Amino acid sequence: MSSVHFPVYILLILLTTAVTIPLISNRFKNSLKEYIMAAFVVSWVLSFTTLNHVMKNGSYTYSFGNWSQKIGIQFLVDEFSSFMTLIILTVAFLVIIYSLKDMEHEIKDYQFSSYYTLIFLLLFSMIGLTVTNDMFNMYVFMEILSITSCGIISIKHKKDNFLASMRYLILSAIGSLSVLLGIALLYMVTGQLNMFEVSSVISQTWQSYPTNILVSLGFMVSGLAIKAAVFPLHIWLPDAHSSAPTPSSALLSGLVVKVYIFTVAKILFRIIGVEIVAALGIPTYLTYFAALGMIMGSVFAIGQKDIKRMLAYSSVAQIGYIFMGLGLATVQGFSAALFHIVSHALLKTALFLSAGSIIYQKDKRDLRDLNGIGYEMPITMMVFTIAAFGMIGIPGINGFMSKIYLSLAVIDVKKYVYLVIILVSSFLNAMYYLPIIIAAFLKESKDRKNIMVMDKLPRSMIYPMVIVALGCILMGFFPQLIMNVIDKAVPSFLLLGK
Amino acid sequence: MDDLIVKTITRLIIPFIQLYGIFIILHGHLSPGGGFSGGAILGASIVLYSLSFGLEKASKKLSHETSSIIETAGILWYIVLGLVGIFMRGFFLTNRGAGFPMGEAGGVISSGMIALITLGIGAKVASTMITLFHTIIKED
Amino acid sequence: MELIISIIEHINYIAAAALFVIGLYTVLTHSNLLKKVIGINIMETSIFLFFVSIGYVSGGSSPIITLGEKQIFINPVPSALILTGIVVAVSITAYSLSLIIRLHETYGTIDMDEIMALRGEKS
């Protein structure tokens, strides 16, 4: 039993919770955590029902206020957006359970409720950005997302956080302004703001205005590339993701950069259309920068000493993989990119949560201090090992399946150079993940003997880590569960309106 | 600051500023302006009062908790008005189909839901300006 | 002569492009953080100018209906969109100014070069 209004209900529940958290934390201090959990569970159930409904009955559009398509705001609820909404809510649910205990030692007490207000606004804008079908609505949600994601970095009052957040804010503002300029140029040509209308007008008249569309695409893609941390424009990412509190890093690295990639895919494939984009030559440029990012991200990560900074540089390399799949502009390439988005969200969340547990219990961030830590914190290091094996590409974990799909897509368009680059990048991944695992389990620590004891972590921190690691292994052995949904989502995305 | 001229002029001018702000909010559906600009003018009048009389006297007139409650109430008012549309078997944010009084074009009571939403937005923007100003000035 | 006429006709595009480039230059080269924030504001102003000037219909008047007369109105949609954009710009400016206050409290300076030098000799 599902109704057409459920996507709007999800957004409204998240917005209401975000706005009423300050009031509740003034009156009923003790029930804040139960309130947050209840809101999450209700939205997760609504999102799951929507996905089932869409998989059985097909996609539908939801027009606000029943205005026609030419003048109103519209949401497009199809397999792609409902599936991604479910993934966002699931990963965020696990990270929030982890954060209920972890944030107590990172921020002060009176900031606790403000942090959760920011998190709920962040989720509201991410889900809005996934389902929207209107260009200016997309810009507004992008701005809410950029301000709240800077907010969850700078909520910890340390020197590095302020500087990282300031740099992220300035670069992000330049990116948003480029996107707005691109939207203005497209509005000048077509006179509509709805994505379906713009696509139908452009497919008829693009021969008369090729320069205008090319300039507008250039501004929009480079603005979104700043925010999605494609290789040369990634300089804000290491500082921001390494100095933020652990749940914020997990959310930022796993979900926020991915939502900007969805927006690039929507602009390239839904508004402009695959044929025009391929005729303008844009996908080739994307693959050049993606290949460069895959190599250079790993090269920078090898020389890092801080564990979170190394994970942040590893994110840059993995985003290169996703853009490579996007830039091939075929059905198989896009499916491989979507599968890697889901698997990287799970893997990077597991890595950041286990790194955060090490910092919580031992207060050590340096890679050279981690000798013998596998015997003090066995569950944490098992989760880290599973996720690291997934990143390298060892069979049985979902990272291996996504590399297989990506290699098959590359072979299909006969560009074998990129196959070699994928293999070299996997080898470089091994070069900086394996030393940590070897040091944790096989080396002797200086101040204690290697006897296995249990981790001294609260239960609300252990359970999410283990669930995410089990999810990675499950996706590695049964990738059809996810690929079935993706195989239905991609053709309707690429060939829409034809 | 402790200047006699500033205090006297502020006490004389603030009612006119607030009247102008309320006028812009109420005529949001008839003339340029609407919620954002009217709310900014209302907020600016309270900020002027804080600047010339000091922070403690301004907190007695409009305390921090009151402006937090007005902020939350603004958004909840917007959501409730949108849900009326779903309740009356339409979509979210339906105007004529949900039974809001339409009136005649050009009058103050016209265009149904837009006037009510403008009131909510005006209150929220004004209280946001005040909260932002107090947070930046407070130096704790 | 045609060059001058075409410059005067397209003056809004030239002004928007010039302001955008001036703002981008200010953000990238000046090291004072307040000047970077001002540079972002100049860039935002240029884009608002561009967006609003697209909606002009030649011979039209302001889009307020007075009953009984049939007129040509300019396009009111860009003005409404830019109202939202101005609010977004104000909130970004407010947030970045409060970050600058915090940076000044912890580092003692608001100059980006000096902050990087302080970070470099610390780590």
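Taken together, the values in this text are just the output of simple stated rules run on the coordinates, not laboratory data. Keep in mind that what you see is a predicted model, and the values were worked out from it rather than measured. Neighbour counts run over all protein chains shown; Cβ positions are idealised from the backbone, glycine included.
Structural remarks
- Both radii were evaluated on the Cα set of the range A:349-450; the Rg over Rh quotient, with Rh as the Kirkwood radius, amounts to 1.10.
- By the rule of a C-alpha distance below 21 Å, with chain neighbours fewer than 8 residues away ignored, the lysines paired with A:K488 are A:K56, A:K258, A:K266, A:K403, A:K498.
- Longest exposed-site-free window of chain B, the sites being GluC sites (Glu not before Pro) in a DSSP loop that have at most 12 other C-beta atoms within 10 Å: B:1-103
- MRE, 222 nm, helices only [DSSP H, n ≥ 4, -39500 (n - 2.57), over the protein assembly as shown, to nearest 500]: -25000 deg cm²/dmol
- Dipole of the range A:32-124 computed with +1 at Lys/Arg Cβ and -1 at Asp/Glu Cβ about the Cα centre; of A:Q111, A:F93, A:V77, farthest Cα towards the positive end is A:V77.
- Placing +1 on the Cβ of every Lys and Arg and -1 on the Cβ of every Asp and Glu, with no other charges, gives the range A:314-385 a dipole of roughly 60 debye about its Cα centre.
- Overall, chain B carries a charge dipole of about 320 debye about its Cα centre when +1 sits on the Cβ of Lys and Arg and -1 on the Cβ of Asp and Glu, all other atoms neutral.
- Rounded to the nearest 10 degrees, the angle from helix A:79-102 to the longest Cα principal axis of chain A is 30 degrees.
- Per residue of A:63-71, other chain Cβ atoms within 10 Å of the residue Cβ number 4 on average.
- Cβ-based exposure ranking for A:K56, A:K415, A:K70, in which fewest neighbours within 10 Å come first: A:K56, A:K70, A:K415
- C:N32 long-range amide H proximity, modeled H, under 5 Å: C:M112
- Likely footprinting exposure, A:F93, A:F334, fewest C-beta neighbours within 10 Å first: A:F93, A:F334
- Shielding by other protein chains, A:158-166, mean Cβ within 10 Å: 6
- Long pairs among B:K57/B:K124; A:K159/A:K227; A:K33/A:K305; A:K156/B:K7; A:K159/A:K305, criterion Cα-Cα beyond 30 Å: A:K33/A:K305; A:K156/B:K7
- Degrees, to the nearest 10: B:113-137 long Cα axis against longest axis of chain B: 30 degrees
- Under the combined filter of DSSP loop state and at most 15 neighbouring Cβ atoms within 10 Å, the range A:152-214 retains these trypsin sites (Lys or Arg not before Pro): A:K158.
- Basic side chains Lys and Arg get +1 at the Cβ, acidic Asp and Glu get -1 at the Cβ, and with that the dipole of chain A about its Cα centre reaches some 660 debye.
- Within the protein assembly as shown, percent of DSSP bridges classed antiparallel, to nearest 5: 90 percent
- Separation between Cα centres of the range A:70-127 and the range B:94-121, rounded to whole Å: 33 Å
- Alpha-carbon centroid distance for the pair the range A:450-495 / the range A:294-354, whole angstrom: 16 Å
- Residues A:V256, A:V201, arranged from fewest to most other Cβ atoms within 10 angstrom of their Cβ, appear as A:V201, A:V256.
- Anisotropy class of chain B from Cα gyration tensor, a/c 1.5 cut: oblate
- Cα gyration tensor shape of the range A:231-329, rounded if a/c is under 1.5, else prolate or oblate by comparing a/b with b/c: oblate
- Percentage of interatomic Cα-Cα distances in the protein assembly as shown larger than 36 Å: 46 percent
- Considering every alpha-carbon pair of chain C, the percent of pairs per 10 Å bin, from zero through the bin containing the longest distance, is 11, 27, 26, 18, 11, 5, 1, 0.
- Mean Cα-pair separation over length for the range A:281-498, i.e. relative contact order, pairs under 8 Å, 6 or more apart, %: 27 percent
- Projected label points at A:V420 and C:A17, each 7 Å from Cα along the beta carbon direction, are separated by 4.2 nanometres.
- J(HN,Hα) series, the range A:287-304, from Karplus relation 6.51 cos²θ - 1.76 cosθ + 1.60, nearest Hz, glycine and proline x: 5, 4, 5, 5, 5, 4, x, 4, 7, 6, x, 5, 5, 5, 6, 5, x, 8
- The range A:273-340: trypsin sites (Lys or Arg not before Pro) falling in loop per DSSP and having at most 14 other Cβ within 10 Å: A:K305
- Using alpha-carbon coordinates, inclination of helix A:331-362 to the longest axis of chain A, degrees: 30 degrees
- Looking at the range A:1-59, the chymotrypsin sites (Phe, Trp or Tyr not before Pro) that sit in a DSSP loop and have at most 16 other Cβ atoms within 10 Å of their own Cβ are A:F28.
- Convex hull volume of the range A:281-498 per residue (C-alpha atoms, cubic angstrom): 119 Å³
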